[in-house]
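The values are calculated or read from the model by the stated rules, or taken from the named source; none is laboratory data. What you see is a predicted model; the values in this text were computed from it and never measured. All Cβ positions, glycine included, derive from the backbone under ideal geometry; neighbour counts span all protein chains shown.
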Amino acid sequence: MKTYNHEKIDRTPEEQLGLAKIQIMFEDSFGIFNAKSGVMSYIQKERERQSAVAWFRSKDCEFFCDLAGTTQDHIVKLHDNLMYNYNTKKITLDEVRYAIRKLELKI
């Protein structure tokens with residue numbers, strides 16, 4: 001059984017910004033959009049989701065990973081693993097949301 005250290009990690013404002021951007025992109029890649037998504041069509045939502053998935057292999061992602069104090073490879077592995085577990089129905093969307101909120105514990 002895995003145990004995690006649940007202590008709050010002191011992060012610089014830059015690290016917090018990088019982590020927040022990564023978390024938003026995780027949410028977007030799973031189709032967990034904010035309030036603006038109510039007015040978006042299915043096609044627009046799917047384009048946003050696909051764009052977010054592609055973001056993880058971009059220079060922009062690399063920049064925000066550096067800002068957060070982690071590597072792009074690490075974030076891509078976390079994202080791919082979470083996506084695989086969700087797509088194979090090993091975890092639910094609620095569990096995905098929880099994992100994204102706790103992402104800072106993996107960085």
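Observations
- Residue that is modelled with the lowest pLDDT [pool: residues in segment 26-52 that are exposed (fewer than 13 other Cβ atoms within 10 Å of the Cβ) and in a loop (DSSP other than H, G, I, E, B)]: Asn34
- Filter pass, Gln23 being at pLDDT 95 or above, in a helix (DSSP H, G or I) and polar (S, T, N, Q): yes
- Yes/no for Lys89 being surrounded by 14 or more Cβ atoms within 10 Å (Cβ to Cβ), more than 13 Å from the chain's Cα centre (by Cα) and of a type outside the set (A, V, I, L, M): no
- Once segment 92-107 is narrowed to residues that are over 22 Å from Phe64 (Cβ atoms) and not polar (S, T, N, Q), the residue that is surrounded by the most Cβ atoms within 10 Å (Cβ to Cβ) is Glu95.
- Residue within segment 69-77 that is touching a helix residue (DSSP H, G or I) at 6+ places or on another chain (Cβ under 9 Å), in a helix (DSSP H, G or I) and at pLDDT below 95 present: no
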